[in-house]
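What follows draws every value from the coordinates through simple rules; no lab data is involved. Note that the structure is a prediction, hence the values are computed from the model and not measured. Don't worry about glycine lacking a Cβ; one is built from the backbone with ideal geometry, like all the others, and counts go over all protein chains shown.
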Amino acid sequence: MNPNIKQNIKNKIRQLAKEKNAIIIAHNYQPPEIQDIADLCGDSLELSIKASQTDADIIVFCGVKFMAETASILSPGKTILLPRLDAGCPMADMVTPEALKARIAENPSMPVVTYVNSTAAVKALTTICCTSANVVRVAGSIKENEMLMVPDRNLANYAATKTDKIIHTWDGYCPFHDALTPKQVIKQKQAHPDALFMAHPECRIEVLELADMIASTSGMINIAKESESTSFIVGTEVGLLYPLQKANPGKTFYPASTAMECVDMKKITLADVAGSLENLSGEVKVPEDIRVPALQSVKQMVEL
């Protein structure tokens, strides 16, 4: 895109956001130009919580649909806009409320721990939510000895290595994290022997076993800031390389695999943000009969 046209769109976005009392938030995997125009960048739940605490009337969520739903759960009085309603999450789609209800019916007394990377309707059936950063703490907080964790089998397997409790898994996964292999990681480690390997817990256990650190996206940014190391291999979606480099200009970051690129996370453009703000298009509103129980499962986690 012509730099002048891009700047004009950015100016339009800022003007529209000011006129409509809107806040623009962007996940760490979003394209650089989207992160640059955002008021806040970060992990999905962190963004929804922070946006809910502002006096903004409109939240423009640059991410995927389940994230906008979470913002709606936490901010029912605000208008939530997702600039591209077709920006979804393959992993979130791997568990439906109907399938989860059937699994719950098999063992009604078993608590259900749901990753925030899930739909509002699934959260509404849940005992407690978790994030990639707090999954171990959430699993430890469950009084029962057994639990079902959905939808990410890799996150569940990781949590199971950190607790004596029995964690039953759901056969869901992030296609991009799940595809990372030990062979790819070892190749990068050999190419960059001084680099520390940071892995997201959505990766397979055999990949996590090679990691120097296991962390969420925001956790990786904090680790890179605080570490004395000057080079890192990054085992998560490649979009994180931009905020990592931005926060640590004197350090070097290598993707564990350049194939770890989420198509849905790259759908939103500057023009989409401008159009969404101008026309108030792409509204995401969770119905109250789903929002209220979903909020309860999120609050259970936040109050830990």
Sequence-distant residues sharing a close amide H with I233 (under 5 Å, placed H) | L196, F197, M198, Y254
Whole-angstrom gap from the range 142-213 to the range 261-304, using each part's C-alpha centre | 26
Rg and Dmax [Cα atoms of the range 92-173; Å; Rg one decimal, Dmax integer] = 11.2, 30
Near R137, within a Cβ-to-Cβ distance under 15 Å, what is the net charge of the other residues, with Lys and Arg +1 and Asp and Glu -1?
-> +1
What Rg and what Dmax come out for the range 146-304 when only alpha-carbon atoms are used, in angstroms?
-> 18.4, 53
In this structure, among K20/K267; K65/K225; K12/K246, pairs with alpha-carbon gaps over 28 Å are K65/K225
Report P(r) for the chain: all Cα-Cα distances, bin width 20 Å, range 0 to the bin holding the largest distance, values in whole percent.
-> 34, 57, 9
In deg cm²/dmol, rounded to 500, what helix-only [θ] at 222 nm does the chain give when every DSSP H run of at least 4 residues adds -39500 (n - 2.57) and the total is split over its residues?
-> -12000 deg cm²/dmol
Could you sort 282-292, 150-160 so that the peptide with the highest average Cβ count within 10 Å comes first and the rest follow in order?
-> 150-160, 282-292
If each of Y254 and I186 carries a label point 7 Å out from its Cα toward its Cβ, how far apart are those two points in nm?
-> 1.6
May I ask for log10 I(q)/I(0) of the range 176-261 at q = 0.20 Å⁻¹, from a Debye sum over the Cα atoms as equal point scatterers with solvent left out?
-> -0.81
Hey, can you rank 108-117, 235-244 by average C-beta count inside 10 Å, highest first?
-> 235-244, 108-117
Considering only the other residues whose Cβ falls under 15 Å of the Cβ of E228, what net charge follows from Lys and Arg at +1 and Asp and Glu at -1?
-> -1
